[in-house]
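These notes concern the structure reproduced below.
The values are calculated or read from the model by the stated rules, or taken from the named source; none is laboratory data. Here the structure is a predicted model, which means the values were calculated and not measured. Using ideal geometry, Cβ is built from the backbone for each residue, glycine included, and neighbour counts are taken over all protein chains shown.
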């Protein structure tokens, strides 16, 4: 499927879902990254009332600037788009003070979950749904998302798209070059770490390794074999996010 067809199919899918379930609005969190930029634009294209929320929490200025710039461009292009910035820094810092240990990962995940709560509050007020921004590599490859954070959504329109395909859609949709060229990051840390820092692999490397893992084929050279080993190790650690919650099945009692 070429990029234009992919864009049209996803945007129509979002609209059909909303129409079928009598949904009045779409709510998207925007971060200054390519995934949220593409998803918010696809939502805007449906003509349905679309609420884009920028939710900084001690955000790096360049990330926040990209988010704001994208929101401004969206409301200029689409009359159905509404933009709000909700600064959650003070709320998060109040929560942060409750804990005596410095659990960096736990607090990073809490930032994501606080944003999820905010998105759902907006969706409730606007008779809407929360639209996810995860791509296929993150959602089904390495589980690179926060459980009940950015993984807590109602629909996931780009979850069958590779990251490189999302970049292609961004170019076709006219997303800012600043966003397209920015290093991918979850924006959940006070330092400047990006996705590659956390995963140890680039997205093209992850995609290639995922294809080998899904096909069962053996990579032809040492570097690709090492990447496959890394990919499988990351996937195994995050498997609990990608599978149904374990249930204690009691069966029928006699």
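Overview of results
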{"read-out": "Condition met for residue 143 (closer than 22 Å to residue 67 by Cβ and surrounded by 14 or more Cβ atoms within 10 Å (Cβ to Cβ))", "value": "no"}
{"read-out": "Selection status of residue 246, assigned to a loop (DSSP other than H, G, I, E, B) and either touching a strand residue (DSSP E or B) at 6+ places or on another chain (Cβ under 6 Å) or at negative phi (or both)", "value": "yes"}
{"read-out": "Count - residues of the stretch 188-211 that are in contact (Cβ under 8 Å) with a residue 12 or more places away in the chain and farther than 17 Å from residue 164 by Cα", "value": "6"}
{"read-out": "Residues located in the stretch 1-54, provided they are in a loop (DSSP other than H, G, I, E, B), more than 14 Å from the chain's Cα centre (by Cα) and either at pLDDT 95 or above or surrounded by 24 or more Cβ atoms within 10 Å (Cβ to Cβ) (or both)", "value": "2, 21, 22, 23, 24, 46, 47, 48"}
{"read-out": "Residues located in the stretch 119-135, provided they are in a helix (DSSP H, G or I), in contact with a strand residue (DSSP E or B) (Cβ under 7 Å, 6 or more places away or on another chain) and surrounded by fewer than 19 Cβ atoms within 10 Å (Cβ to Cβ)", "value": "120"}
{"read-out": "Condition met for residue 182 (loosely packed, with under 12 Cβ neighbours inside 10 Å, under 25 Å from residue 58 (Cα atoms) and either in contact with a helix residue (DSSP H, G or I) (Cβ under 6 Å, 6 or more places away or on another chain) or touching a residue at least 12 places away in the same chain (Cβ under 8 Å) (or both))", "value": "no"}
{"read-out": "The stretch 55-67: number of residues that are part of a helix (DSSP H, G or I) and buried (at least 16 other Cβ atoms within 10 Å of the Cβ)", "value": "4"}
